[in-house]
Amino acid sequence: MTPSPTEDLQRLQQLGLERIAAAPDLAALQQVDTELLGKRSEITALKAGLGQLEPEQRKAGGQAINAARTTLQQAVDARRAELEGAGRRQQLEAERLDLTERRPSARLGHLHPVTRAIQHLEDVFTGMGFTVSEGPEVETDWYAFEALNIPTWHPARSMWDTIYVDLGEPGSTLLRPHTSPVQIRLMEHTPPPIYSVMPGRVFRQETSDATHLAVFHQIEGLVVDRGITFGDLAGTIDAFTKAYFGDRFSSRLRPSYFPFTEPSAEFDIRRPDGTWLELGGCGMVHPNVLQNVGIDPEEFSGFAFGFGVDRLAVSRHGVADIRELFTNDLRFLEQF
Ligand code: FA5
């Protein structure tokens, strides 16, 4: 006994719907569509067979076949829309450009530890009411020595192993061996009160070792006002040490000598491991220096300090050898 057209239809519709739902892509769906509803499909064959039925059965059969066709056709259309939508989403996703995305392979650099130290120092000092000033790296003998109370004959000249530039009178032009000339330039143009720091690069004829470089950085500080005392200097150095290094570091002043300050002191910091590091020199601005720039030492007094930024950066980061800063080994620099 052959199955009735109704049973055939139900089976065809059920199987058809399953195949449509399972079609993984548009090409597969097209194939299923042709097989289910095309000219050579079973459903078309069923329709052709209607002619052999009785007229009343023919009508009911025709309606059932049409209903099944419509159901299958709607399922194909729905699945097609679904697959097309997924395709568009996939394409959009593939073509998406996220401009805010940081790819893990694109490594961002950062500023050199010495540049960062200078910026940090500027922040600390501007927070204490200081301005920031700059001066040239190539200097004249006047600014680097004479105006700082160090005449040519002065034995203290040997404190700075100066690199001279072959320009003008021999010995008249040089690479500044310290940032103190910027004090002179500032005082020449700015009437007191002066509260300023002056960071910059300096140069000395020096053989590098773990604590010395031939090209390094200093930051100079200068205060000129009425009634400034050595107590103000000591207080400023102390406030700076705590602000920059934190409470685990402390500072001390040792008597010393600089021709441009009187009295003079050496400024050391004590690291958390208990060792001391000579960071810089300081003192009360010598009256001769004030006179050299036309400031009356009877009316104004001041203090100055100058210390090594590179030494400060390495001690802050616990680096044993200062030369590491400038060998430009990325594996070293990336740690900061
Ligand atoms: C001076 O250069 C004075 N101009 C400092 C000063 C300013 C004194 C204002 C008084 C008033 P000195 O030569 O000591 O001083 O150098 C100051 C600091 O620079 C040193 O304490 C050290 O921290 C740093 N320094 C000196 N030489 C080197 C070097 N070769 N490499 C790295 N850092 C150095």
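The values are calculated or read from the model by the stated rules, or taken from the named source; none is laboratory data. No experiment lies behind these values; they were computed from the predicted model shown. With ideal geometry, Cβ positions are generated from the backbone for all residues, glycine too; neighbour counts draw on all protein chains shown.
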With the first residue restricted to region 298-314 and required to be more than 6 Å from the ligand (Cβ to nearest atom), and the second required to be at pLDDT 95 or above and assigned to a strand (DSSP E or B), Cβ contacts under 6 Å at 6 or more apart or on different chains are PHE300/VAL224; GLY302/VAL223; GLY302/VAL224; GLY302/VAL285; PHE303/VAL223; PHE303/MET284; VAL309/HIS217; VAL309/ILE219
What tally of residues in region 42-91 results from selecting those that are within 22 Å of ALA21 (Cβ to Cβ) and touching a Gly at 6+ places or on another chain (Cβ under 6 Å)?
1
Does LEU213 qualify as being under 25 Å from ILE237 (Cα atoms), within 9 Å of the ligand (Cβ to nearest atom), surrounded by 15 or more Cβ atoms within 10 Å (Cβ to Cβ) and not small (Gly, Ala, Ser)?
yes
Tell me the residue from THR275, THR229 that is surrounded by fewer than 20 Cβ atoms within 10 Å (Cβ to Cβ), without any contact (Cβ under 8 Å) to a residue 12 or more places away in the chain, more than 9 Å from the ligand (Cβ to nearest atom) and of a type in the set (Val, Ile, Thr), please.
THR275
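Residue-wise test of (1) outside any loop (DSSP other than H, G, I, E, B); (2) of a type in the set (A, V, I, L, M, F, W, C); (3) at positive phi; (4) touching a Cys at 6+ places or on another chain (Cβ under 9 Å).
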position	(1), (2), (3), (4)
TRP153	no, yes, no, no
ALA156	yes, yes, no, no
LEU174	yes, yes, no, no
HIS178	no, no, no, no
VAL182	yes, yes, no, no
LEU186	yes, yes, no, no
PRO191	no, no, no, no
Can you find even one residue in region 235-242 that is within 9 Å of the ligand (Cβ to nearest atom), out of contact with any Cys (no Cβ under 8 Å at 6 or more places or on another chain), closer than 16 Å to VAL124 by Cα and outside any loop (DSSP other than H, G, I, E, B)?
no
Selection count where residues are surrounded by 14 or more Cβ atoms within 10 Å (Cβ to Cβ) and either part of a loop (DSSP other than H, G, I, E, B) or in contact (Cβ under 8 Å) with a residue 40 or more places away in the chain (or both), scope region 27-48
6
Would you confirm, using the coordinates I've provided, whether PHE267 is free of Cβ contacts under 8 Å to residues at least 60 places away in the same chain and either loosely packed, with under 15 Cβ neighbours inside 10 Å or within 39 Å of the chain's Cα centre (by Cα) (or both)?
yes
